[in-house]
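Working notes, structure below.
The values are calculated or read from the model by the stated rules, or taken from the named source; none is laboratory data. Keep in mind that this is a model prediction, so the values were computed, not measured. Cβ placement follows ideal geometry from the backbone for every residue including glycine, while neighbour counts extend to all protein chains displayed.
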Amino acid sequence: MTLGVLAVLGMAFTMFAGFWTDWLWYRSVNYSSVFTTTLWTKIGLFFVFGVLMALAVGFNIWLAHRLRPPLSAMSMEQQNLDRYRMSIAPYKKWLLLGITALVGLIAGASASGQWRTWLMWVNGVSFGQKDPQFKLDVSFYAFDLPWYRFLLGFGFAAAILSVIAAALTHYLYGGLRVTSPGARATAAATGHLSVLIGVFVALKAVAYWLDRYGLAVKSSDFRATDNWTGLRYVDANAYLPAKTILFCIAVICALLFFATIWRRTWQLPVIGFGLMVLSAILIGGLYPAIVQKFQVQPNEQAKEAPYVEKNLEATRQAYGIDGTKVTDYSGTGNTEDKTKLRDDVGSTASIRIMDPNIVSPTFQQLQQIRNYYAFPENLDVDRYAKDGKDQDTVIGLREINLAGIPKKNWINNHFRYTHGYGVVAAKGTSADAQGRPNFTESDLPSKGDLGTYEQRVYYGEKTTTYSIVGGPQKEIDYSDDNGEKTTSYKGDSGVNLSNPVNRAAYAVAFGEPQILYSGAIGDGSRILYNRTPKERVEAVAPWLTIDGDAYPAVVNGQIQWIVDAYTTTNGYPYSSRTTLGDTTADSLTATNDNRAVVAQQNQVNYIRNSVKATVDAYTGEVKLYQWDTKDPVLKTWMKAFPGTVEPKSDISKDLMDHLRYPQDLFKVQRELLTRYHVKDATTFLSGSEVWQVPDDPTNRSGSAVPPYYLSMKMPDQKAQAFSLTTTFTPTGRDNLSAFMAVDAEAGTSDYGKIRLLKLPTNTTVNGPKQVQSQFNSQEDIAESIRLLRGGDSEVEYGNLLTVPLDGGLLYVEPVYVRGGGLKYPLLRKVLVTYGGQTAFENTLDEALNKVFGADGPATEPPDEGDTTTPPPTSDNPTVQQALEDAQKAFDAGQEALKKNDWEAYGKAQKDLEDALRRAEDAQAEASRAGGAGGSESKPDGKPSGSPSPKPSS
């Protein structure tokens, strides 16, 4: 008995621990209203529908028992069941309660899962748009119809369970007979079961009526590749009238079953039910098939054209692509005035040669500083102003990496190594002379162009475990030449563990008993968990779909993670559906699951980037901002969860400067535009202008090329704008069919405007795969790449950027080399092509000069920021000699590059590294000896006094 009681108490406390820790977490992030609203909605639905189901089944069991015939009237068959009746007689009430409780629990649990459907129905707002067939507001299909379908499904389940329960009870107590001669059912049983079946048939009539409206959001096999939704000719002219006729037949059939109460015979209702089934086959199945075969197929385009036009219009509206500006573009350009073309490059685009998806290992090697720090696999692109001008910047956070801590144990994992430290950023448009990033923010603590900000990173993409901070145990802050610095968390994030009940709850919830009794936990200790930006936003707004790529920005002295979030629905009439998980997949998500929209395999046919969210990297504070002020789905959720979303006007200018157009929405829109760039129904039906997103030519994943952020100017723009770009090719071919860009710069009047440059179909312009093949097939380029691959080196191709330039298309691709003892890629070459001319040079400017046959202004004007390090200042003769040797080695390396003498270049690089190492050792020795005048050593091992001639760009 004691063990049993303890087991029950243990199970109860385990359930309580899960509930209590959830409540504490929501309260800690100031979103307790989300928890309570969701909880009470689930509880309400559970009890209401659980009780309704229990009452329905229990009442019909009780009624069947009450309508049982007297014992004397029972047949021999029924008398044989007497022993079963006798065995359950003492427990009838308990058995009834048990059955009804079981079905009630199951029904209640199922109903509680419909909390989103209920909240959308009860809070739904108007779309202000009507569907073209029934002239009903879109909100009926998005908010009302799903709830009506749930109620209908619940009614069917209640009716079927009631029929089964009543029939078994009638059989057990003699109301029904199977093998005995004579009447098969008593009059009471006949009337009872007839009413229940009549209810079922009446519900079927309601289903037929709702099916009429369901045709507007019904998927069909018409053009299966388009995930077609909405009425076609056969739906409007066969299925719709058929559903209306079947509705009428079902109503009559239901009345016949109800009439059995007085007639006491099933003859008419059975005949009626049979006719209803036959009608469903003939009218609901055969007749539409005949219409499709003999009316539609012989003249499909003419019959379907009006419905295709409705689908085209609705789909373009639902995905926000109805405002796409399509412009014809030659794609060939005028190559006669080469000087003008060369001069126009700088004003047309800030060409990014630092690929954020390639250089993460370089950031890791040069700026990791300690093994317990790490950068994400894919860095991010943002804009930061310098000297009044925005520049594309590759940025990443130095996050905590528990795999790299010197000694793993519970204290180190959860108390000592708790946070990352600092931002590392580099110019996206240049590299230093050695092919390394030009860092604009670096070192530990980080310093550079970003000014002063809170550098500790307690919340990040790689922070997936819990930490306990703020108590007696000190945390490792960062390390410098004077050793490790410690800190104690001062924020108010997380849940306080001073309360023993809280400690016990978390010990159970996390399966870690040491939380309960560890001496490392004391006054002020707080537990931090749910620490990735995606987890936090999903938790406080479970009604949002989260973009796969959160990105960091320094905003008002804090590191903020910016998260794009979407509202979606599957009930927009006539709009074709898409599967988010498939549509947002590309070559990056194929190799990095953190960039994918995880678990979003559900289909939607309406999407809006309605919310911009931020997560503070230090405090973990989550803020949701209303971005799309017209979105009715967001307005509905804001009514359901008042106070959770802040108005758009609360977005500060500093934050606005870093908001951008989200990648996943762009990928969904580009996938739809492969077909829905066409506005003419005839052309759409012919399929002659269907496009595809090309595979990424820079790797072998076989997945779609990812979109790229780039500051550039489209032909109708007067100045560069931060944009998100992609290309299209015709289905089954590799030549270019279109170029797409969206203005990604938030706060501007053109933000979100999609521009599509459509290339002529009577000429061919090379697409990405053909350009890559052209690069690889030229003998001199192939030979240079072979030399770059010498030894154990690996060549990695960066993003193949496409830039519209004076009627033509400029392709630029950085080429990185990883090897020669280095574990990270360095920029070694730049591939450029325009108008059939190709160049493969050491720098972007050299490649552009060669392609256009004319010198132009540097694409990245030289300034002090281009130097890797400051000029030498050391008075130590040993250091001075080493620096002179380094300068000579550097000059020799540059000379070898010009001659393509890779053996000499490798020797020069080795001499350069040796010279720099000698300078560093001499400088460190001088510092230890107290010698003045030595320069401070940089984290990458290169003394700040080392020479760094500017790259030729």
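Table for the structure above
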{"read-out": "Residue in region 812-832 that is in the same structural domain as W691 (by TED's automatic domain parsing), free of Cβ contacts under 8 Å to residues at least 40 places away in the same chain, surrounded by 14 or more Cβ atoms within 10 Å (Cβ to Cβ) and under 27 Å from Q720 (Cβ atoms) present", "value": "yes"}
{"read-out": "Any hit, region 202-217, residues being β-branched (V, I, T), in the same structural domain as G155 (by TED's automatic domain parsing) and either at pLDDT below 90 or buried (at least 21 other Cβ atoms within 10 Å of the Cβ) (or both)", "value": "no"}
{"read-out": "Which numbered condition T100 fails, given (1) farther than 29 Å from A541 by Cβ; (2) surrounded by fewer than 19 Cβ atoms within 10 Å (Cβ to Cβ)", "value": "(2)"}
{"read-out": "Subset of region 798-821 (residues that are in a loop (DSSP other than H, G, I, E, B) and of a type outside the set (D, E))", "value": "G798, N799, L800, G807, G819, G820, G821"}
{"read-out": "Complete set of residues in region 424-437 that are buried (at least 24 other Cβ atoms within 10 Å of the Cβ), touching a Ser or Thr at 6+ places or on another chain (Cβ under 8 Å) and touching a residue at least 60 places away in the same chain (Cβ under 8 Å)", "value": "V424, A426, K427, G428, S430, P437"}
{"read-out": "Search result, residues across region 368-418 that are part of a strand (DSSP E or B) and under 16 Å from Y478 (Cα atoms)", "value": "Y373, A374, L397, E399, I400"}
{"read-out": "Single residue of T339, T327, T335 found to be surrounded by fewer than 20 Cβ atoms within 10 Å (Cβ to Cβ), of a type outside the set (A, V, I, L, M, F, W, C) and at pLDDT 90 or above", "value": "T327"}
{"read-out": "Yes/no for K718 being within 26 Å of R660 (Cα to Cα), surrounded by fewer than 16 Cβ atoms within 10 Å (Cβ to Cβ) and either of a type in the set (V, I, T) or more than 24 Å from the chain's Cα centre (by Cα) (or both)", "value": "yes"}
{"read-out": "Region 231-262 - residue that is modelled with pLDDT of 90 or more and among the small types (G, A, S) and, of those, nearest to V206 (Cα to Cα)", "value": "A250"}
{"read-out": "Those residues of region 219-230 which are touching a helix residue (DSSP H, G or I) at 6+ places or on another chain (Cβ under 9 Å), of a type in the set (G, A, S) and at pLDDT 80 or above, in sequence order", "value": "G230"}
{"read-out": "Pick from region 531-545, criterion part of a loop (DSSP other than H, G, I, E, B) and over 12 Å from the mean Cα position of the chain (by Cα), ranking: farthest from D616 (Cα to Cα)", "value": "W543"}
{"read-out": "Conditions (1) within 22 Å of T117 (Cα to Cα); (2) at pLDDT below 95; (3) touching a helix residue (DSSP H, G or I) at 6+ places or on another chain (Cβ under 6 Å); (4) of a type in the set (S, T, N, Q): number failed by N602", "value": "(3)"}
{"read-out": "Criterion: part of a loop (DSSP other than H, G, I, E, B), of a type outside the set (F, W, Y) and under 21 Å from Y811 (Cβ atoms) - qualifying residue of V742, V765", "value": "V765"}
{"read-out": "Criterion violated by A704 - all others in (1) assigned by TED's automatic domain parsing to the domain that holds D628; (2) of a type outside the set (F, W, Y); (3) modelled with pLDDT under 90 satisfied", "value": "(1)"}
{"read-out": "Every residue from region 713-731 that is out of contact with any Leu (no Cβ under 7 Å at 6 or more places or on another chain) and within 17 Å of E671 (Cβ to Cβ)", "value": "L724, T726, F728, P730, T731"}
{"read-out": "Strands (runs of 3 or more DSSP E) contained in region 448-501 and holding at least 2 residues surrounded by 15 or more Cβ atoms within 10 Å (Cβ to Cβ)", "value": "467-469, 475-480"}
{"read-out": "Breaking point among (1) under 23 Å from E454 (Cα atoms); (2) in contact with an Asp or Glu (Cβ under 9 Å, 6 or more places away or on another chain), for P356", "value": "(1)"}
{"read-out": "Matching residues, region 264-276, being assigned to a helix (DSSP H, G or I) and surrounded by 13 or more Cβ atoms within 10 Å (Cβ to Cβ)", "value": "L268, P269, V270, G272, F273, L275, M276"}
{"read-out": "Region 836-854, residues that are under 25 Å from A719 (Cα atoms) and touching a helix residue (DSSP H, G or I) at 6+ places or on another chain (Cβ under 8 Å)", "value": "L848, N849, F852, A854"}
{"read-out": "Conditions (1) assigned to a strand (DSSP E or B); (2) among the basic types (K, R); (3) without any contact (Cβ under 8 Å) to a residue 40 or more places away in the chain: number failed by R733", "value": "(1)"}
{"read-out": "Search result, residues across region 513-528 that are crowded, with 20+ Cβ neighbours inside 10 Å and of a type outside the set (A, V, I, L, M)", "value": "S518, S525, R526"}
{"read-out": "Count - residues of region 654-703 that are assigned to a helix (DSSP H, G or I), in contact with a strand residue (DSSP E or B) (Cβ under 7 Å, 6 or more places away or on another chain) and surrounded by fewer than 17 Cβ atoms within 10 Å (Cβ to Cβ)", "value": "1"}
{"read-out": "Failed item, numbered, when K612 is tested on (1) part of a helix (DSSP H, G or I); (2) crowded, with 23+ Cβ neighbours inside 10 Å", "value": "(1)"}
{"read-out": "Residues satisfying the stated conditions in region 1-43, i.e. exposed (fewer than 15 other Cβ atoms within 10 Å of the Cβ), free of Cβ contacts under 8 Å to residues at least 40 places away in the same chain and under 30 Å from L152 (Cα atoms)", "value": "T36, W40"}
{"read-out": "Where G396 falls short, out of the listed (1) of a type outside the set (A, V, I, L, M); (2) modelled with pLDDT under 90; (3) under 19 Å from G428 (Cα atoms)", "value": "(2)"}
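Here is a yes/no grid of residues against (1) in contact with an Asp or Glu (Cβ under 7 Å, 6 or more places away or on another chain); (2) assigned to a helix (DSSP H, G or I); (3) among the charged types (D, E, K, R); (4) modelled with pLDDT of 85 or more:
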residue	(1), (2), (3), (4)
S749	no, no, no, yes
L757	no, no, no, yes
S773	no, yes, no, yes
I781	no, yes, no, yes
L787	no, yes, no, no
E796	no, no, yes, yes
